[in-house]
1. Tell me the label-point distance for the pair residue A:90, residue B:66, using the 7 Å Cα-to-Cβ offset, in nm and rounded to one decimal.
2. Provide a whole-number value for the mean count of partner chain Cβ atoms within 10 Å of the Cβ atoms in peptide B:210-222.
3. Tell me the Kirkwood hydrodynamic radius of region A:114-273 in angstroms, computed as one over the mean inverse distance between distinct C-alpha pairs.
4. Tally Lys and Arg at +1 and Asp and Glu at -1 over the other residues with C-beta under 13 Å from the C-beta of residue A:116: what net charge comes out?
5. Got a number for carbon plus sulfur as a percent of region B:37-163's accessible area, 1.4 Å probe?
6. What does the charge add up to near residue A:62, with Lys and Arg as +1, Asp and Glu as -1, over the other residues with Cβ less than 10 Å from its Cβ?
7. Calculate log10 I(q)/I(0) of chain B for q = 0.16 Å⁻¹, where I(q) comes from the Debye formula with a single equal point scatterer on each Cα and nothing for solvent.
8. For A:144-155, what's the mean count of beta carbons from other chains sitting within 10 Å of each residue's beta carbon?
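The values are calculated or read from the model by the stated rules, or taken from the named source; none is laboratory data. The structure displayed is predicted, hence computed values, not measured ones. All Cβ positions, even for glycine, are placed from backbone atoms using ideal geometry, and neighbour counts span all protein chains on display. For the accessible areas, the whole protein counts, side chains as well, though only heavy atoms, and no ligand, DNA or RNA atoms are used. Shrake-Rupley method; radii C 1.70, N 1.55, O 1.52, S 1.80 Å.
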Amino acid sequence: MKRVLPGFNITLGFTLIYLSLIVLIPLSALVLKTFTLTWDQFVLATTSPRVLASYRLTFGASLLAATVNVVFGLLVAWVLVRYEFFGKKFIDALVDLPFALPTAVAGISLTALLANNGWIGKLFEPFGIQLAFNPTGVVIALIFIGLPFVVRTVQPVLEDTEKELEEAAACLGATRWQTFTKVIFPAIAPALLTGFAMAFARAIGEYGSVIFIAGNMPMVSEITPLLIISKLEQYDYAGATAIALVMLVISFVLLLVINALQAWQRKRSGAPV
Amino acid sequence: MSDSASHQLQSKAFSQIHEPRWVKISLISVALAFMFLFLILPLATVFTEALRKGFDAYWAALQEPDAWSAIRLTLLTAAIAVPLNLVFGISAAWAIAKYEFRGKAFLTTLVDLPFSVSPVVAGLIYVLMFGAQGWFGPWLQAQDIKIIFAVPGIILATVFVTFPFIARELIPLMQAQGNDEEQAAVVLGATGWQTFWYVTLPNIKWGLIYGVILCNARAMGEFGAVSVVSGHIRGQTNTMPLHVEILYNEYQSAAAFAVASLLALLALVTLALKSVVEWRHARALNAVADLPPENPHWSFHNDLTH
C-alpha cells in the first residue's frame, strides 16, 4: 500500500525505539532478574507470611475502596450530569484533584486530618475509633486516589444516554426507580465496571498517599509496594524483584481487562470499535 | 374536564422522568458532603497546617536552602521529562492515528503500560538496570557515571511514570479527525513538516496543551518511583515531594506542609488550566455544531483551530 502522508517510518521508528528504551528493556530487566532465582526461592520470596499478609491488605483495601468509589462516583457523576446547583462547575473541576495533587501531599494531609488530633479524627476518637495508622486509613487513602476514575468514566456515558428511552419507559408505566434499574443502569454498567477496574488497578500500585497513613506495621498495615522498598533497603534485590514481578503480572492482566471492558463499552454505545 | 385530565397525565409523565424534589435534594447533599469530606477538607488541611506557625515560619520554611534545591530539582526534572514525552507523544500519535499497520492495537496497549505499573516497580526496574548490582552497574562505576541515587535516575523514573500522558490525549483526538486535511495539504504540495505544522498542529492544539498540563503535574508530583531511585541525599537528590516526606518524618510538620502547599497550589493551577482548556475546546466543538451541515467534516476540523 502506498501511503500518501509522509513520516510513517520515522515516527513509528522513533516510537518503537523510545518505547523500548524507557519501558520494554527496563521491564524485561525485571523479568530476567527473576530468572536468576530458583523456583523454590521465587515461591519462598513471594509467599512468605509477611508477603501474603501484604497481598491481603493491598487487595482487600483496594477492592473495598474501588467499591466505595463505584457507589459515590456514580452518585457524583449523576448529580453533576442531571442536576443544576450552585457551585456545580467548581465541584466538577475539583473531581480531578486526586489526579493533580501529588500523592505525598495527599498522604500527609489525610494523615493530619484523620489522626486522633485531626479535624475528623477528633470526632471519632471519643468512641475509640482510630482512622489513621491502621487498615482503615489505607482504605480511606485509596478511596481518595480512586474517585476520579469512576466519575470520569461514567459521566460522559450518562451525558449520552437518550432521554427518549426514559420517557418511553415512563409512558409505559415504569416508576422512576424501575426506569433507573432497568433502563439507565444497564446503559452505564460497562462504564461503571471500567471505572471500578481502573480505580482498583491504581489502588493496588499506590504508594505515596498510603504509606503516611498506614502506620506500616508488618503483618497488619504494610502494603505490598512498601514491602518491595523495604526489601530493596535491605539489599535483597532478588526478593524485591520477585514480588515486583507478581505485581507487574497482575497489573498487566488488569490492563488487558480494562481494554476489553472499554471495547465492550464502545460496542454498547454503538461507536466503531 | 378533559383539559385538566390531560394536564394531570402530563404532570404525571413529567414526574416519572424526573426524581421527586426530596430525592434530588438528598442526592445533591450526599454527593456534596462526600466531596467536602474527601476532597475539600484534605486540600484545606494542607494550607491550614502550613500556616499553623504563622506567615513568618511559612516563609522561612520555603527559603531554606534544602527546600530551594528541591524546588530547583523538581523544575529541572519536569523541564526534561515533559518535552521528551511531548516529542514521543506527537510521534506515537502520528504513527498510530494516521496509518494502519499490523500490531497497532498491541502497540497502543504498550504505550498505556506505564500507567498500570506501580510507581515502586517503575523505580525498581531502573535500579536493576543501572544500580550497583544492575546490568550496567559495573560498567557505569568504571566510567564514574552515577545514574541511580543521582539526578539522571530521578529524571528517568519521572519519564517512565509520565510516559503515556500526552500520547493518550493525542491518539483518540487525531483518530477522530482523520487524514483528509493532511492528504489535501500533501496533494497541494506541502512537505510533511509543513503539513504537520500548519494543518495538524492547529487541530490538536487543545488536546496537546491538556496533555502537557497533566504530564507536568505528574512529573512534578511523582513520589513513589522517584523515592526508589533517589537515595534521598538532602540538597542533591531531593525533589519537592521527597523533601516533604523527609520534613514530615523529622516531625517538622509545618515546614513539610509549607513545601506541600506549593505542590497543592500547582495542583489547583493545573485544575484551573484544565477547566479553561476544556471550556475552550467545548466552545470550538459547539461552534462547529451550529454551522450549516453541508460539509460537517470539513468545518469540524477548521473550527477547532480557533
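1. 3.7
2. Details: counts 0, 0, 0, 1, 3, 0, 0, 5, 4, 0, 1, 9, 4.
Partner Cβ neighbours, averaged per residue: 2.
3. Numbers: mean 1/r = 0.0530 Å⁻¹.
After inverting the pairwise mean of 1/r, the radius is 18.9 Å.
4. Details: positive: A:122; negative: A:125.
Residues near residue A:116 contribute 0 overall.
5. Working: 3640 of 5370 Å².
That fraction is 68 percent.
6. On the way: positive: A:202; negative: A:206.
Every neighbour counted, the sum reads 0.
7. These q points yield log10 I(q)/I(0) values of -1.26.
8. Values: counts 4, 0, 0, 4, 1, 0, 0, 1, 0, 0, 0, 0.
Averaged over the peptide's residues, the number is 1.
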